[in-house]
Amino acid sequence: MSQSDRNGLTYSDAGVDIDAGNLMVEKIKPAVRSTRRPGADGEIGGFGGLFDLKAAGFTDPVLVAANDGVGTKLKIAIDAGIHDTVGIDLVAMCVNDLVVQGAEPLFFLDYFATGKLDPDQGAAIVGGIAAGCREAGCALIGGETAEMPGMYSHGDYDLAGFAVGAAERGQLLPSGDIAEGDVILGLASSGVHSNGFSLVRKIVELSGLTWDAPAPFADGQSLGAALLTPTRIYVKPLLKTIRETNAIKALAHITGGGFPENIPRVLPKHLAAEIDLAAIAPPKVFSWLSATGGVAATEMLRTFNCGVGMIVVVAAADAERVTASLTEGGETVFPLGRMVARADGAHGTIYKGQIAL
């Protein structure tokens, strides 16, 4: 190669297409605009997103931040060619972590990295992110799209999300009055949500099924589409119930690690959560995963949500009205257990009964 040839190289020759990036920004602008809310009405494209806490109605707020990804569920989206739902998962994993602390999600930013930018694929992904933001009531105020040839194989991409919420000072959860005898309520999940997908993919490999094969556990859906069912966003019903009843003492988002890893995070050290496994009606997907992979119940419970995406702790006297409020908000609510004394050195989650996998 001559010196003149080398001087003729462009960024596009190196695999980065600035024009594709600009096209994607134009494609996603309507989706981003659809997430506007009080406090956020700017246009994307600046160096930073703005949010006005006063315009959002807060007087003395404490900010709460969370970030997360979608994990290897993305690999199913990539292999199945379905890209419009993983953005919902991205938002859900962040905003559900905010609401368990009593915070209202206010704004969201995303990071999308790929080897070769496809503006239509990128727009589908951001469309899902915008849908999740609308469901959570938060504004998508910015993001980053990174085209990195050589870092990601062709077709591969990764997502990360960052959410900020707020609660008035003194109203954060968990409250300091969780007591022995308090009731634990479960909120149904929509399926596997966004955890344990490395095991899911291993089980699918063992099954010999392709992503476009009929799902053995979901009528009328392909296996890929059924496993890509988005993570449920619990924000609006929970915020409504927190504000209207003032009775929720603690919430726990059941993500990676299942019950034993997530519930103790919100409990005082002298109490344990006694969970009645027989109270859970697991979606069919979990029975299929357990049977096909030969996965023991204990391993299922420490890997997956098994049908319970969120747990709620309330005083026994408040359980009925909290259940009614959440049911009115569209949640499927069921009694799941109670708070009991924890012996020294004992684990924060105790099981009784068996889960019907």
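The values are calculated or read from the model by the stated rules, or taken from the named source; none is laboratory data. What you see is a predicted model, and the numbers here were worked out from it, not measured in a lab. Here the Cβ is made from the backbone with ideal geometry for all residues, glycine too, and neighbour counts use every protein chain on show. Calculation scope for accessible area: heavy atoms of the full protein, side chains included, ligands and nucleic acids excluded. Shrake-Rupley method; radii C 1.70, N 1.55, O 1.52, S 1.80 Å.
Label positions at V340 and S153, each projected 7 Å from the Cα along the C-beta direction, are separated by 4.8 nm. Residue-wise HN-Hα couplings along the stretch 228-240, as the Karplus relation 6.51 cos²θ - 1.76 cosθ + 1.60 with θ = phi - 60° gives them from phi, are 8, 3, x, 4, 6, 9, 9, 4, 5, x, 5, 4, 4 Hz; Gly and Pro carry x.
The alpha carbon centroids of the stretch 215-249 and the stretch 265-291 are separated by 16 Å. Local charge for D68 was computed over the other residues whose Cβ lies under 14 Å away, with Lys and Arg +1 and Asp and Glu -1, and equals -3. May I ask for the angle, rounded to the nearest 10°, between helix 284-293 and the longest principal axis of the chain, with both axes built from Cα atoms and the value confined to 0 to 90°? The two axes meet at around 80 degrees.
Of the solvent-accessible surface of the chain, computed with a 1.4 Å probe over protein heavy atoms with every protein chain present, carbon and sulfur atoms account for 51 percent.
Its Cα centre serving as origin, the chain has a Cβ charge dipole (Lys and Arg +1, Asp and Glu -1) of approximately 680 debye.
So how much slack lies between D41 and T10, counting 0.36 nm per residue of separation and subtracting their Cα-Cα distance, in nm? The partial results should precede the final answer.
Values: separation 31, 0.36 × 31 = 11.16 nm, distance 3.65 nm.
Full extension of this stretch gives 7.5 nm more.
Computed from the alpha carbon positions, the gyration tensor of the stretch 1-160 leads to an equivalent ellipsoid with semi-axes of 33, 18, 13 Å, biggest first.
Inter-label distance, A317 to K284: 4.5 nm, where each label sits 7 Å from its Cα along the C-beta direction.
Against the main long axis of the alpha-carbon atoms of the chain, helix 86-99 sits at an angle near 40°. Between the helical axis of 119-136 and the dominant principal axis of the chain, each derived from Cα atoms, what acute angle in degrees is found, rounded to the nearest 10? With rounding to tens, the tilt is 30 degrees. Available extension along the chain between K27 and A324 is 102.8 nm, counting 0.36 nm per residue and deducting the alpha carbon span.
The computed volume of the Cα convex hull per residue in Å³ for the structure shown corresponds, within [x] 177; [y] 164; [z] 130, to [y]. Averaged over its residues, the chain has an accessible area of 45 Å² per residue, based on protein heavy atoms and a 1.4 Å probe.
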